[in-house]
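Here's the structure we're looking at; comments come further down.
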Amino acid sequence: MNILDGKKCADSLIAEIGKKVSGYVQGGLRKPHMTIILVGEHAPSESYVKSKITTSGLSGFESELIRLPESIREEELLARIREINEDHTTDGLIVQLPLPKHINPQNIINAIDPAKDIDGFHPTNFGKMTLGQKAFRPATAYGICKLLQYYSIPTKAKHVVVIGRSNIVGKPISIMLANDFDIGNATVTLTHIETPRELLLEMTRVADIVIVAVGIPGFVTPDMVKEGAVLIDVGINRLESGKLVGDVDFDAVAPKCSWITPVPGGVGRMTVAALMINTLNAYQNNFNLV
Ligand code: NAP
């Protein structure tokens, strides 16, 4: 069993980004700039935002955190987004999810300028990604692809089973790995809550790569995977003890795997690194650097 070390891979990608940025700055350009909007107080979001801001500093970017009250009206939030869309000093904009219940997240995502949509959630980017065109790719899915690439794990002609069909993880990673991309060309089975248990087991037991994003600790057990499978655990679950775990029963499943991601230190790190790649690309687009 080998560990897919998200920290090591992310650190190497961030060092590469930092070098590029320092070249641009030495050439007289301003630094890339990322803006994050955080609405209300939500402990996991606080920690994700902190990690994005720290990593943006390590990448050589400037970042700005805009905190807005839980009670903000949807119209007011949309107005702030429109202001940032018009601001040429911001390259990338993240509206941290989840939002308070009275705000429709899709309205918010739709309002972000696709050219600043470094999360890759806007329908324009999602549509282009689906069609195999150049676009900002949803960060967690893109991070998983980068991790597979870093460890030279082939996806071409492999059978991938994805568990969970959320718009931010399950759906985009299924599409990306099925597409004719560098990391792609796989045969993908996308499963979800309506997938009969027997069918899920039938699929996961023959899968070369299993990607799980359901948010249920210990969901993937050793009887579900074949010897030598690659396991990508996207889940981030906080147990009552305070321990952070994924969706895989790691200790029991890991011995059967050829490769497996740990939690923490796996996909989470890669999500943030992929956001930095998207931000750098947004900046390069702004300055016609590519
Ligand atoms: P989500 O929006 O809650 O979606 C969960 C998905 O799992 C849904 O598609 C749901 O099916 C499916 N599901 C639930 N129970 C199932 C079951 N028994 N069998 C098969 N499918 C089942 O979750 P998400 O946003 O994708 O997040 C999933 C997990 O990943 C969470 O722990 C989250 O914290 C974590 N996460 C981590 C990162 C990272 O960077 N590492 C990024 C994003 C999310 P239905 O669609 O039918 O409801």
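The values are calculated or read from the model by the stated rules, or taken from the named source; none is laboratory data. Keep in mind that what you see is a predicted model, and the values were worked out from it rather than measured. No Cβ is skipped: glycine too gets one built from the backbone with ideal geometry, and neighbour counts run over all protein chains shown. Each accessible area value is taken on the protein alone, full model and side chains, heavy atoms only, with ligands, DNA and RNA left out. Shrake-Rupley method; radii C 1.70, N 1.55, O 1.52, S 1.80 Å.
Note that the stretch 228-243 has calculated 3J(HN,Hα) couplings of x, 5, 9, 10, 10, 9, 8, x, 10, 10, 9, 6, 4, 5, x, 5 Hz, one per residue in order, obtained from phi through the Karplus relation 6.51 cos²θ - 1.76 cosθ + 1.60 (θ = phi - 60°); glycine and proline are x.
Using Stokes-Einstein with the Kirkwood hydrodynamic radius over Cα pairs, what translational diffusion coefficient do you get for the stretch 139-267 at 25 °C and a viscosity of 0.890 mPa s, in µm²/s rounded to a whole number?
171 µm²/s
FRET efficiency for Glu194 and Glu62, Cβ-Cβ distance as r, R0 = 30 Å, nearest 0.05? Walk me through the intermediate numbers first.
Details: r = 45 Å, r/R0 = 1.49.
E between Glu194 and Glu62, to the nearest 0.05, is 0.10.
Rolled with a 1.4 Å probe across the full set of protein chains, the surface gives Val188 an accessible area near 40 Å².
Taking each of Lys50/Lys134; Lys116/Lys171; Lys8/Lys134; Lys19/Lys50 in turn, the alpha-carbon distance tops 24 angstrom for Lys50/Lys134; Lys8/Lys134.
Under a 1.4 angstrom probe, counting protein chains only, how are Phe181, Phe287 ranked by accessible area, largest first? Walk me through the intermediate numbers first.
Working: Phe181 25, Phe287 70 Å².
From most exposed to least exposed: Phe287, Phe181.
Summarising the overall dimensions of the stretch 74-152 from its C-alpha atoms, the Rg and Dmax are 14.0, 46 angstrom. Grab the DSSP H runs of the chain that are 4 residues or longer, score each as -39,500 (n - 2.57), total them, divide by all residues and round the 222 nm result to the nearest 500 deg cm²/dmol. For the chain, the value works out to -12500 deg cm²/dmol.
The rule of thumb for compact globular proteins, 2.2 N^0.38 Å, goes into the C-alpha radius of gyration of the stretch 11-167 1.13 times. I want to make sure I understand the PRE zone here: with the label point 7 angstrom from the Cα of Gln284 toward its beta carbon, which residues in the stretch 177-194 have backbone N atoms less than 17 Å away? Hits in the stretch 177-194 for Gln284 at 17 Å: 182-183. With K and R counted +1 and D and E -1, the other residues having a Cβ less than 15 Å from that of Asn125 yield a net charge of +1. Relative intensity of the chain on a log10 scale, I(q)/I(0) at q = 0.06, 0.14 Å⁻¹, equals -0.19, -1.04, per a Debye sum over C-alpha point scatterers of equal strength in the absence of solvent. The residues of the stretch 122-254 present an accessible area of 46 Å² per residue when probed at 1.4 Å with all protein chains retained.
Send over a whole-number figure in Å² for the accessible area per residue of the stretch 28-115, probe 1.4 Å.
On a per-residue basis, the stretch 28-115 sits at 51 Å².
Among the protein heavy atoms of the chain, carbon and sulfur supply 53% of the accessible surface, probe 1.4 Å, non-protein parts ignored.
Using 0.36 nm per residue and subtracting the Cα-Cα separation, the extra length available between Ala252 and Ser47 on full extension is 71.0 nm.
Taking the centroid of alpha carbons for each part, the stretch 252-290 and the stretch 144-213 are 16 Å apart.
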